[in-house]
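K.L.:
Dropping the structure in here first, questions after.
The values are calculated or read from the model by the stated rules, or taken from the named source; none is laboratory data. Predicted model, so just to flag it, every value in this text is computed and none were measured. So basically every Cβ, Gly included, is an ideal-geometry build from the backbone, and we count neighbours across all protein chains shown.
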Ligand SMILES: Cc1ncc(C[n+]2csc(CCOP(=O)(O)OP(=O)(O)O)c2C)c(N)n1
Ligand code: SF4
Ligand SMILES: [Mg+2]
């Protein structure tokens, strides 16, 4: 039987770069399923990624235009693509290190500008591809290859950072929430605005093995157990939320979009 999403995979690129059990496969499927359910043409999309394991989600597998760029710079490339041809659906897919360490400034300014990009971050809490170094999303106390006695630095809450920077749509899910994630991606694609989706995702090789979180199944069971929807979380006290992963849609607001505002300005300028 043929996989229903195989039509979106570049012919001849069936094998994946991901380790077995990696959450990146679930994210790839959710993106392609969202496009399929919306009955959109994948040729209308440009996928942009940086450097890291998550950057291999669209590249080279999605049978569309894919830019596999430099570390921390996918949003800068995507901004150029979108400004040069606003009709293109431009989606950035990259890792927590790529988007929030070296790429952090690009992220906050794109959110502030409200340029119509869909940004999906595979947040595995670590630098997966380069050997399990600490990332700005690594929880306090976690032992990584560069924090052998435990991480001392407080992590960013990526979704709250996006919200504070002005993103018009913000949602967080885990790889356990594949259906909700797909629906959120559909919402983000349809929204003409800077949209951000954080996906808490398992890296069993660099994160699970070092931290005691276990294999892929154990990590996903942990996501299931620890997740609380935002609607329920709003009624809980701070100590009741300790160790929980708050999931759901955090922001959905209407704001003027940069490309549309620029087009209006061009008309005024003649
Ligand atoms: C300018 C530059 N600095 C550092 C690197 C090395 N590097 C490549 S990927 C990466 C981090 C990847 O982490 P993340 O973005 O979280 O992706 P993951 O592998 O976890 O999916 C680093 C530090 C690089 N390629 N270029
Ligand atoms: S190192 Fe981790 S993030 Fe990278 S492919 Fe393997 S499991 Fe996935
Ligand atoms: Mg990472």
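K.L.:
Can you name every one of the helices (runs of 4 or more DSSP H) wholly within region 173-270 that holds 3 or more residues which are over 22 Å from residue 28 (Cα atoms) and touching a strand residue (DSSP E or B) at 6+ places or on another chain (Cβ under 8 Å)?
P.N.:
Answer list for region 173-270: 230-233.
K.L.:
Moving on. Just give me the residues in region 227-250 being in contact with a helix residue (DSSP H, G or I) (Cβ under 9 Å, 6 or more places away or on another chain), under 19 Å from residue 155 (Cα atoms) and free of Cβ contacts under 8 Å to residues at least 60 places away in the same chain, in sequence order.
P.N.:
Within region 227-250, 241, 243, 244 qualify.
K.L.:
Consider only pairs whose beta carbons are under 8 Å apart and that are at least six residues apart or on different chains; among these, list those whose first residue lies in region 135-146 and is under 12 Å from residue 207 (Cα atoms) and outside any loop (DSSP other than H, G, I, E, B) and whose second residue is at pLDDT below 95 and away from ligand 3 (no atom under 13 Å from the Cβ).
P.N.:
none
K.L.:
Same structure, new question: Quick check, is residue 100 within 16 Å of ligand 2 (Cβ to nearest atom), crowded, with 17+ Cβ neighbours inside 10 Å and in contact (Cβ under 8 Å) with a residue 12 or more places away in the chain?
P.N.:
So residue 100 fits the description; yes.
K.L.:
Anything in region 25-44 that is in contact with a strand residue (DSSP E or B) (Cβ under 6 Å, 6 or more places away or on another chain) and crowded, with 22+ Cβ neighbours inside 10 Å? List them, or say none.
P.N.:
Selection gives 27 alone.
K.L.:
Considering (1) within 17 Å of the chain's Cα centre (by Cα); (2) more than 10 Å from ligand 1 (Cβ to nearest atom); (3) touching a residue at least 40 places away in the same chain (Cβ under 8 Å); (4) closer than 27 Å to residue 155 by Cβ, say which one residue 22 fails and leave the rest.
P.N.:
Evaluating residue 22 over (1) within 17 Å of the chain's Cα centre (by Cα); (2) more than 10 Å from ligand 1 (Cβ to nearest atom); (3) touching a residue at least 40 places away in the same chain (Cβ under 8 Å); (4) closer than 27 Å to residue 155 by Cβ leaves (2) as the failure.
K.L.:
Next question. Does any residue of region 43-60 turn out to be in contact (Cβ under 8 Å) with a residue 24 or more places away in the chain and on the phi > 0 side of the Ramachandran plot?
P.N.:
Among the residues of region 43-60, at least one is in contact (Cβ under 8 Å) with a residue 24 or more places away in the chain and on the phi > 0 side of the Ramachandran plot, which makes the answer yes.
K.L.:
Out of everything in region 209-218 that is touching a residue at least 60 places away in the same chain (Cβ under 8 Å) and in contact with a helix residue (DSSP H, G or I) (Cβ under 6 Å, 6 or more places away or on another chain), what residue ends up being surrounded by the most Cβ atoms within 10 Å (Cβ to Cβ)?
P.N.:
216
K.L.:
When you check residue 70 against the structure, is it more than 16 Å from ligand 2 (Cβ to nearest atom) and surrounded by 19 or more Cβ atoms within 10 Å (Cβ to Cβ), yes or no?
P.N.:
no
K.L.:
Then there's this: Among the residues of region 196-206, is any farther than 21 Å from residue 160 by Cβ and surrounded by fewer than 17 Cβ atoms within 10 Å (Cβ to Cβ)?
P.N.:
Looking for residues that are farther than 21 Å from residue 160 by Cβ and surrounded by fewer than 17 Cβ atoms within 10 Å (Cβ to Cβ), one finds none in region 196-206, hence no.
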